[in-house]
Amino acid sequence: MGQSKIKSVQANGTYQSKFDGSTMYAFEIELEDGILGDVSAKTEDRWKPGDEVEYSLTTSPYSKKLKLTKPDFKPFNSRKPDLDT
């Protein structure tokens, strides 16, 4: 997994999620370290130039898929239990 900042974001259309039918937004993203790939998000403004991201890249003969997360992102269920309660 690498870490970089987003250099540019290019909108690449929308599609319906096979999982839940919601609208997904497709983007082509270039990172400051030269990595270029496709990303999907549930909102149009999820990724912006200048955002610090952690990423992994999956390459196939058809595309390069980026998986992006913000370094300070913590899933809702990541809280440690409060042992005092």
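With all protein chains in place and ligands, DNA and RNA left out, the 1.4 Å accessible area ranks V9, V39 as V9, V39, largest first. The order of Y15, Y55, Y62 by accessible area, most exposed first and with a 1.4 Å probe, is Y62, Y15, Y55.
Per residue, the range 1-44 exposes 66 Å² of solvent-accessible protein surface, assessed with a 1.4 angstrom probe and all protein chains in place.
In nm, give the distance between the simple-model label positions of A26 and K65, each being 7 Å from the Cα along the Cα-to-Cβ direction. My value for the distance between the label points is 1.2 nm. Surface composition of the range 22-66: carbon plus sulfur atoms contribute 49% of the solvent-accessible area (1.4 Å probe, protein chains only, all chains present).
The values are calculated or read from the model by the stated rules, or taken from the named source; none is laboratory data. This structure is a prediction, so every number in the text was calculated from the model and none was measured. For neighbour counting, all protein chains shown are included, and Cβ atoms are generated from backbone atoms with ideal geometry for every residue, glycine included. Side chains included, ligands, DNA and RNA excluded: accessible areas come from the protein's heavy atoms. Shrake-Rupley method; radii C 1.70, N 1.55, O 1.52, S 1.80 Å.
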